[in-house]
Each structure stands twice: as structure tokens, then as C-alpha cells.
Amino acid sequence: MLMLVGLITLLCHAGCETEHGEHKKEEVKFQVTSPVKKDTVITRDYVCQIHAIQHIELRAFERGYLKKIFVDEGQLVKKGQLMFQILPIIYHAELKKAQAEAKAAEIEYLNTKSLADDNVVSPNELALAKARFEKAKAEQKLARAHLMFTKIRSPFDGLMGRFQVRLGSLLEEGELLTTLSDNSKIWAYFNVPEAEYLDYKTRTKNDKPIQVKLQMANHEIFEYPGVVTTIEADFNSETGNIAFRATFPNPKELLRHGETGNILMSKPIKNALLIPQKATFEILDKKYVFVIDENNVVRSRQIIVGEEMPHLYVVKEGLTENDKILLEGLRKVRDKDEIIYEFLDPNSVMSHLELYSE
């Protein structure tokens, strides 16, 4: 008798627990929201290589010993400023020799001309003397040019690079001395996929350049915006990309030749349909959301994503702004489940996400 009473009590207790669990399950509320339609801006980033607008190698014009260095590595130099001097003794001597030969040729020409005026010598002899004189003058100019080339001056305002030679080095003709960079403006080269190139060309009107920003290696945004000024002629057949070049002012000389960074290019989108990324799930590389119908039943629906932003998707196909989508608890429901939900204002939902738009 006691065993029968215990069994009945146990069954009643288990039944109560089951009823309580079902009741608890029925009381679970899911969070639901709707897509938001608004004008927004997406930003794409591209790895870029930074170049000075002028970056040249400075080389020795003549062979000889490096006599003097008038500048230092990393120094800002002005156009025409003397930077290096090669030992000029030999070139001084060559110029003196050329000057003497030019003087002798001039005297010979004048004497021959005087004789030709008196018909003592033929016109051919006069022409020959004149040719020798012209040749001597040309050699004199050449010797003077060689002497000038022993002094190496800056061809433009710029920053000195690292020295490749030291004082007293024996230089060969054409030997690299250093580099010189004009960083007053910089060029940033970056590669753009074909589809994004077409988007760019479609929204560029009247050849008006589009502004871009530069994110530097320390993740800070460079304070001066740039513009896309050049697009390369051909696509790279291996990568499917085409090279863009953006120009940035660099008045504080912060950026240097050879740096890297990221170009940030913004693209406005009218009436973009936005949903949180966390409201989606994937099946075989296709994206889906759970849509709640008028009977509070969950239905999975495939969507096509047009653009991706941090925390957000721009939906191209599959939803309207009047649809209700499941925001939280996607793993707790199955297709055709009936749920109890709490509807959250979509603007409030979006305001709690870190939007990368304006």
C-alpha cells in the first residue's frame, strides 16, 4: 500500500515538472526587429604603397675622389644647394689646357683671315682654320662642363636619403651617392577589383575626382584628404585588378617615400536596406534570415547581400522594410516554429551597433 502511494506521488511530481517546463518554454520571448531603409555610406579600404612625387637617385657625373660632403642624411635641401664635390684638380687642368688650345686656334684663325683678305691664302685654308677654332671652343666648353660636374647640386627641394659613399671614396662615373625625395605631395598606389572600378567610373561625373582618405600604419587617419588622379591603362590579367593613384598634400612632411597604408574610399548608397549581421545565418555559403509571418511562425528566407559593413549588411534582394526578422536566438528555433516575441524598434537596434556609416 505504501509503495502504491509513493508511486502515485512520484508520477504526480514528474507530471507537475513537465507541465511547469512546458509552461516555462511557452513563456520564452524572442527579440524581433525589421530592416531599416536609409541613405548611408559604405567605405572600402585598399592596401597602398606611398611614393614621393619625385624620388631620384643622385649619381657621380665624373670619376674621382669624393672631396667634400656638404649635407647630411635626412636633411631638407633646397634647389641648387651644393651637396657633394669630387676632387677637381684634374678637371681644372683640363680646362686650362682647353682654354690655351682655344686661344691658339683663335690666333691662327685671325692670321689666316688677314692673309685671306689679301688673297695670300685660299678660302679653303681660311675655312679649315675657322673649323679648328670652333673645335677648340667646343672642347673648352666640354672641359668647363666636366669641371662643373664635380659639384653636385640639388635639382629640387627635397629630403636627402642614406649615403652610399663616404668622404674620400674613389667614385666611378655613374656611381650611386644617395637618393633625393620631394615629399611636398605624395602618391598612393592601390589596386582595385574590376567590379569596384566599374562602380567608381559609374559614379564619377564630369571627370570630377573623388576624395579619399589615408589610414596610416598606426591606424590614424592622415589629416589631409586626397583625390584619385590617375587610373592605369590596363587590368592585371592574373589578379583582375587595376592600379589607381591618389595624390595627397603633405605640407608637414609627415609621410615619406616607401611607407604603406590603406586608402579609404567612400561610396554613398541611396535607400539602402540595412539589417544587423547577427540576424543572419549561413547554409552552403548562402545567407538566410528567419522571417516571422502574421501567425507568429518562423520561416527561413534566403537573402542576397549587396554590401557588407561592420555589424551590418545592405540587403539587395529577399527582404522589405515591412518584414519582421528574428534578431536573437537563431539557434533556438527551427523553420515553422511558432514563437512569442518582443518587437524592437529597428532604429533603436541600429543605434546600439557600431555603424561604419554616416
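Laboratory data are not the source of any read-out in this text; all were calculated from the coordinates shown. Nothing here was measured: the structure is a model prediction, and the numbers come from that model. For neighbour counting, all protein chains shown are included, and Cβ atoms are generated from backbone atoms with ideal geometry for every residue, glycine included.
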Which lysines, if any, have their Cα less than 23 Å from the Cα of Lys185, not counting same-chain residues under 8 positions apart? Lys78, Lys79, Lys208, Lys213, Lys252
Amide H proximity to Gln164 below 5 Å, modelled H, separation 5+ or other chain, gives Thr178
Report the FRET efficiency, 1/(1 + (r/R0)^6), for Ser184 and Lys336, where r is their Cβ-Cβ distance and R0 is 51 Å, rounded to 0.05. 0.15
With a point put 7 Å past each Cα toward its Cβ, work out how far Glu308 is from Glu73 in nm, to one decimal. 4.3 nm
Full-stretch length increase - Phe156, Thr204 - with 0.36 nm per residue and alpha-carbon distance subtracted: 13.8 nm
What is the helix-to-structure angle for 89-117, meaning the angle in degrees between its Cα long axis and the longest Cα principal axis of the chain, kept from 0 to 90 and rounded to the nearest 10? 50 degrees
At what distance in nm do the modelled label points of Lys96 and Leu110 sit from each other, each positioned 7 Å from its Cα along Cα→Cβ? 2.3 nm
Hz values of 3J(HN,Hα) by residue in segment 264-280 - Karplus curve (6.51, -1.76, 1.60), Gly and Pro given as x: 10, 10, 8, 9, x, 10, 7, 6, 6, 9, 9, 9, x, 4, 5, 8, 10
Here are labelled values, (i) 36.2; (ii) 16.4; (iii) 19.5, and one is the computed mean projected area of the Cα convex hull in nm² for what I pasted. Which one? (i)
Extended-chain gain in nm, criterion 0.36 nm per residue less alpha-carbon gap, Val165 and Ile56: 37.6 nm
Strictly greater than 18 Å: what percent of every Cα pair in segment 122-235 meets that? 75 percent
Distant-in-sequence amide H partners of Lys37 (H built 1.01 Å from N, under 5 Å): Leu274
Between segment 92-142 and segment 287-307, what's the alpha-carbon centroid distance in Å? 98 Å
A 21 angstrom limit on the alpha carbon distance is what I want to check against. Which of Lys103/Lys130; Lys130/Lys151; Lys68/Lys103; Lys96/Lys141; Lys67/Lys135 exceed it? Lys130/Lys151; Lys68/Lys103; Lys67/Lys135
For the chain, with a Gaussian network of springs between Cα atoms less than 10 Å apart, report the residue from Ile283, Ile56, Ile325 with the top mean-square fluctuation. Ile283
Evaluate E = 1/(1 + (r/R0)^6) for Asp285 and Gln31, where r is the Cβ-Cβ distance and R0 equals 35 Å; express this FRET efficiency to the nearest 0.05. 0.85
In this model, which of Lys278/Lys316; Lys267/Lys332; Lys38/Lys287 are farther than 27 Å apart at the alpha-carbon? Lys267/Lys332
